[in-house]
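Here the structure is laid out as structure tokens; the discussion comes afterwards.
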Amino acid sequence: MDTPDPTLDLETGPAYDIERIRADFPILGRLVHGHPLAYLDNAATSQKPYSVIQAVDAYYREINANVHRGAHELSIRATEAYEEAREVVADHIGAPSASEVIFVRGATEAINLVAWTWGAAHVAEGDEILLTKMEHHSNLVPWQILAGRAGATVRYVDVEADGTLVMDDYDRLLSDRTCLVAVTHVSNTLGVVNPVAEIAQKAREADAICVVDGAQAAPHMQLDVQAIGCDFYAFSGHKMLAPTGIGALWGRREILEHMPPWQGGGEMISEVRLEGFTAAQLPHKFEAGTPNIAGAIGFAEAIRYLQRIGLERVHAWESDLTAYALERLDAVDGLEVFGPRKDRVGVISFRYADIHAHDLATILDQKGVAIRAGHHCNQPLMTHLGVDATARASVYLYNTRSEIDALVDALGLAAKLFGVA
Ligand SMILES: *Cc1c(COP(=O)(O)O)cnc(C)c1O
């Protein structure tokens, strides 16, 4: 793969050069069922630019070896690249130190890590875990499992009709029984951006720790975990241009240091005797086994790519695109968009007349328009909205107005097939 990375001098131009950006993503050039691909399923996973694909490729071609304790050139180089990736992630989210960043498979594993370590050590009978009704199953089921084991109770902050959190309900439910608050930064179904700094501050005042699920925020906004003031922040690489199978958990040092290890194995120990073991220092204490080295390197490259373009510019582009999409979808008779109209990202759930979301997605696919249909790992939220599924279109930095037009045109085809007036 010798394609040069056309983004290398992107930072020199103030304009958002969408054609240039699109050219960085090889998959965007393909046809689907004879139509240009309109990829609007970014909340499920993003596409990958050449620079990321090449970084992974170069790792395997040039420096592949296992990391840490290696005495040979390749292992030293692989270790440097892996640990440098950790620095890139830490800098990107404003973490005070790279040793507070633990590489994991993704947001799901990050949240499970907290549940099985901090949770298992601190959550006791009678305690309460406070979630919201909009949590992704990944930030819900691990806490249900933990509560079941510990004899704790899970409580849920309510959601308004427009999908925003009922903050009075949060104030009401937060009490001295609350040991942990876990909340999504951005809803993966409604695009709502939650006031996580306020939530974290109130949790701290109630002596509860605060876990933020950043899977839908990290791809779209500049993060600063210290400004948010949470105790843990979890996110996945694959939704922000990186390969699958890599993500990060940031945690506050003083909490991480007192947490028991999770999985046992190589890498996570400093010494093993027949009688027992001594855990390694942070962050290795939580990284048992050979890590996803190529994934971490690809993750760092994805972050560099986002930084070259600038998340402010990405945000501005997506905001404009989201406003355009909402305007066009609102103009479709019989179509209902869920979620708020402002303070949101471009994750747009909707229903169209009485066409089932799955049928809608299948028809759109025939026109090359990729959206998602289903409960989006958000079944309690679906119940709350009174639906069993929604159709969801979600945009990212490479999407265009003409792809939104393709979506709306394809909806017209669905209307014709289903006899929607
Ligand atoms: C995708 C997503 C997750 C889970 O991420 P994985 O990459 O599947 O581990 C968790 N929370 C939210 C809000 C998500 O959108």
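The values are calculated or read from the model by the stated rules, or taken from the named source; none is laboratory data. Only a predicted model underlies this, so the values are computations on that prediction, with no experimental measurement involved. Cβ coordinates were reconstructed from backbone atoms using ideal geometry, including for glycine residues, and neighbour counts include every protein chain displayed.
Here are the numbers for the structure shown:
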quantity	calculated
Residue match in the stretch 147-158 (condition: at pLDDT 95 or above, within 30 Å of Glu336 (Cα to Cα) and either in contact with a Gly (Cβ under 6 Å, 6 or more places away or on another chain) or within 15 Å of the ligand (Cβ to nearest atom) (or both))	no
Residue in the stretch 310-327 that is free of Cβ contacts under 8 Å to residues at least 24 places away in the same chain and in contact with a helix residue (DSSP H, G or I) (Cβ under 6 Å, 6 or more places away or on another chain) present	no
Scan of the stretch 94-121 for residues that are assigned to a loop (DSSP other than H, G, I, E, B) and more than 16 Å from the ligand (Cβ to nearest atom), ordered by number	Gly94, Ala95, Pro96, Ser97
Looking only at the stretch 33-75, and only at residues there that are of a type outside the set (Val, Ile, Thr), part of a loop (DSSP other than H, G, I, E, B) and within 16 Å of the ligand (Cβ to nearest atom), the one that is nearest to Leu407 (Cα to Cα)	Leu40
Hey, Glu267 acidic (Asp, Glu) and assigned to a loop (DSSP other than H, G, I, E, B) or not	yes
Unique residue being in contact with a helix residue (DSSP H, G or I) (Cβ under 6 Å, 6 or more places away or on another chain) and either among the polar types (S, T, N, Q) or buried (at least 24 other Cβ atoms within 10 Å of the Cβ) (or both) when the list is Ala203, Ala242	Ala242
Some residue of the stretch 208-229 being free of Cβ contacts under 8 Å to residues at least 24 places away in the same chain and more than 25 Å from Pro340 (Cα to Cα)	no
The stretch 182-213 - residue that is part of a strand (DSSP E or B) and in contact with a Ser or Thr (Cβ under 9 Å, 6 or more places away or on another chain) and, of those, farthest from Asp388 (Cα to Cα)	Val212
Residue that is assigned by TED's automatic domain parsing to the domain that holds Ala217, touching a strand residue (DSSP E or B) at 6+ places or on another chain (Cβ under 7 Å), farther than 22 Å from Thr290 by Cβ and at pLDDT 95 or above, where the choices are Glu125, Glu135	Glu135
Failed criterion for Ala200 (all others in (1) out of contact with any Leu (no Cβ under 9 Å at 6 or more places or on another chain); (2) in contact (Cβ under 8 Å) with a residue 60 or more places away in the chain hold)	(2)
Where Asp162 falls short, out of the listed (1) away from the ligand (no atom under 16 Å from the Cβ); (2) within 20 Å of Thr383 (Cα to Cα); (3) touching a helix residue (DSSP H, G or I) at 6+ places or on another chain (Cβ under 6 Å)	(3)
Residue tally, condition loosely packed, with under 12 Cβ neighbours inside 10 Å and touching a Phe, Trp or Tyr at 6+ places or on another chain (Cβ under 9 Å), over the stretch 263-302	2
